[in-house]
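*Asks:* Please see the structure below; I have some questions.
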Amino acid sequence: MSRVWWAALRRELTLIWRAPADMVQPLFFFVVVVSLFPLGLSPKPELLALVAPGAVWVAALLAVMLSLDGLFRRDQESGALDQMLTAPVLSVVPVSAKLLAHWLLTGLPLALVAPLLGYMMQLPVAVLGTLMMSVLLGTPTLTVVGAIGAALTVGLNRGGILLAVLVLPLYIPVLVFGAGVVRTAQDGLPTDGLLAVLGAILALALSLGPLAVALGLRISAGD
Amino acid sequence: MLFRELAFSAADGEVWQITGANGAGKTTLLRILVGLHGFFEGEVHWRQPLAPSLLYLGHQPGVREELSARENLRYSQALSGQGGDPDAALDAVGLYGFEDVPAGRLSAGQKRRIALARLWLDPKPVWVLDEPFTAIDQDGVTRLDARLRQAAAAGTLVLYTSHHRVGDDVRRLHLGGAGGAR
């Protein structure tokens, strides 16, 4: 079982690594969207600092969603998905490896550049650690929850819009708490509680999400 | 409805050729048999749990273009728990020298050969093959034909869709016509 998991993880990392556009696109989107705020809004530090938590978080959320549309598409078109579903291992094993690989190469880079973008948005240096922590805890949830939508829409030709409609409502708690943590830190209040809520949402997503993704793929393959 | 009143039972060592016009439901029947398609009325019984003994090659070869022939085959092996030497299998399907080439640079026929290489690994008791002869050249067809007969002689149940006939004692299941399946 774990041998299959490692083989799947290696395969997924290799796949993304060999087609780096999928990895670079969300990161590029994230950086560009946040960079446009000072240009479009106003370069006033106090105004930027006010909108920074929301701007960074909305951009991160959309960047993750953008990366998910193609998550299972090429596996489905090539027939690799059918191979996975007929294999004598629980689908959740390769699926969880795929989700981890995808997050490592798309979600994690977002968390790593978030402090830089926060600094650009005039957030106080003391808050940048909290910002990074919130994105670090929030993006895996976004990836897993979005993958459920991607699994259900993989058979559709233009599933992008449907994916957004399915997934965005589920993203709202993460957005509220994620941006909320940063705002709380800006006010100088303790953030442990809110970070714990983000962690709890993540635990829920990690424990049930991969099962839902595997089930979604099976449903998509069946019609 | 694609077909109705369809019933057949197949045993070890038999070769079943499923035929029918385009759109008659050959692929759907195979997907039902391997458990990929759940929307049907009726029952499918296998003597033992199917997944560990199944080798299924679908309409699409299941080969990712970013990976090399060997990487694709190795991953199939890990996933299906199928032992055997991948390089020897790739050699047997005529891909000697192409093991490390990304599958995206190979032709359609060569990509299909990567998937077919699984037939030359340690055998599984049930083979379900959807159009295995598609995009394969004359020499490849001969080799595949010989391999299917050899496997059947060793006790493997082979179910495949194609217009190519393997041997003389192949059983035929024809889909289509006014009365559904015959």
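Bear in mind these aren't lab numbers, they're just calculated from the coordinates by the rules spelled out. Just so it is clear, the model here is predicted, and its values are computed rather than measured. Because the Cβ atoms are built from the backbone with ideal geometry, glycine has one as well, and the counts that use them run over all protein chains shown.
*Asks:* When Cβ neighbours within 10 Å are restricted to other protein chains, what is their mean count per residue of peptide A:9-21?
*Replies:* On the way: counts 0, 4, 9, 1, 0, 6, 5, 1, 1, 7, 4, 0, 0.
For peptide A:9-21, the averaged partner shielding equals 3.
*Asks:* A further question follows. Go ahead and collect, in residue order, the members of segment B:105-127 whose backbone nitrogen is under 17 Å from a label point 7 Å along the Cα-Cβ direction of B:Asp85.
*Replies:* Answer for segment B:105-127: B:117-123.
*Asks:* A follow-up question, please. Quick check on the exposure proxy: order B:His174, B:His45 from fewest to most C-beta atoms within 10 angstrom.
*Replies:* Sorted ascending by nearby Cβ count, the order is B:His45, B:His174.
*Asks:* For the protein assembly as shown, what is the charge dipole size about the Cα centre, in debye to the nearest 20, if Lys and Arg each add +1 at the Cβ and Asp and Glu each add -1 at the Cβ? The partial results should precede the final answer.
*Replies:* Working: 31 positive and 31 negative charges, 41 e Å.
For the protein assembly as shown, the charge dipole is close to 200 debye.
*Asks:* Contact order normalised by length for chain B, with contacts defined as Cα pairs under 8 Å and 6 or more residues apart; what percent is it? Walk me through the intermediate numbers first.
*Replies:* On the way: 282 pairs, mean separation 70.5, N = 182.
Averaging sequence separation for qualifying contacts and normalising by length gives 39 percent for chain B.
*Asks:* So if R0 is 51 Å, what FRET efficiency would B:Arg47 and A:Gln25 give, r being the distance between their Cβ atoms, rounded to the nearest 0.05? If you can, show how the numbers build up before the last one.
*Replies:* On the way: r = 49 Å, r/R0 = 0.96.
Efficiency for this residue pair is about 0.55.
*Asks:* Now for a different question. For chain A, what does the helix formula give at 222 nm: sum of -39500 (n - 2.57) over DSSP H segments with n ≥ 4, over the residue count, nearest 500 deg cm²/dmol? Show your work: numbers first, answer last.
*Replies:* Working: 10 runs with 184 residues, N = 223.
After summing the helix terms and dividing by the residues of chain A, the value is -28000 deg cm²/dmol.
*Asks:* Mind putting a number on the dipole of chain B about its Cα centre? Charges go on the C-beta only, +1 for Lys and Arg and -1 for Asp and Glu, and I need it in Debye to the nearest 20.
*Replies:* Rounded to the nearest 20 debye, it is 340 debye.
*Asks:* I would also like to ask the following. In degrees between 0 and 90, to the nearest 10, how far off the longest principal axis of chain A does helix A:2-18 point, with axes built from Cα atoms?
*Replies:* The two axes meet at around 60 degrees.
*Asks:* Fewest Cβ neighbours within 10 Å first, please rank A:Ser207, A:Ser220 accordingly.
*Replies:* Working: A:Ser207 10, A:Ser220 20.
By the 10 Å Cβ count, ascending, the order reads A:Ser207, A:Ser220.
*Asks:* Under the definition of Cα pairs under 8 Å and six or more residues apart, what whole-number percent is the relative contact order of segment A:73-223? Each step should come with its number before you reach the end.
*Replies:* Numbers: 143 pairs, mean separation 47.3, N = 151.
Result for segment A:73-223 is 31 percent.
*Asks:* Label points 7 Å out from Cα along the Cβ direction at B:Ala7 and B:Phe39: separation in nm?
*Replies:* For B:Ala7 paired with B:Phe39, the spin-label model returns 2.7 nm.
*Asks:* Using the Cα centre of the protein assembly as shown as origin and beta-carbon charges of +1 (Lys, Arg) and -1 (Asp, Glu), tell me which of B:Gly84, A:Trp103, B:Thr27 is placed farthest towards the positive end of the dipole.
*Replies:* With unit charges placed on the Cβ atoms, the residue in question is B:Thr27.
*Asks:* Other chains' Cβ within 10 Å of A:169-176 residues: what's the mean?
*Replies:* On the way: counts 0, 0, 0, 0, 0, 0, 0, 0.
Mean partner-chain Cβ count within 10 Å for A:169-176: 0.
*Asks:* Follow-up. Under 30 Å Cα-Cα from B:Lys124, which lysines qualify once same-chain neighbours fewer than 8 residues away are excluded?
*Replies:* Answer for B:Lys124, where 30 Å is the Cα cut-off: A:Lys98, B:Lys26, B:Lys111, listed by chain and number.
*Asks:* Sorting A:Trp103, A:Trp17, B:Trp16 on the 10 Å Cβ count, fewest up front, what's the list?
*Replies:* Lowest count first: A:Trp17, B:Trp16, A:Trp103.
*Asks:* Determine the dipole magnitude for chain A: charges of +1 sit on the beta-carbon of Lys and Arg, -1 on that of Asp and Glu, nothing else is charged, the reference point is the Cα centre, and the result goes in debye to the nearest 20.
*Replies:* Numbers: 11 positive and 10 negative charges, 65 e Å.
The dipole magnitude comes to about 320 debye.
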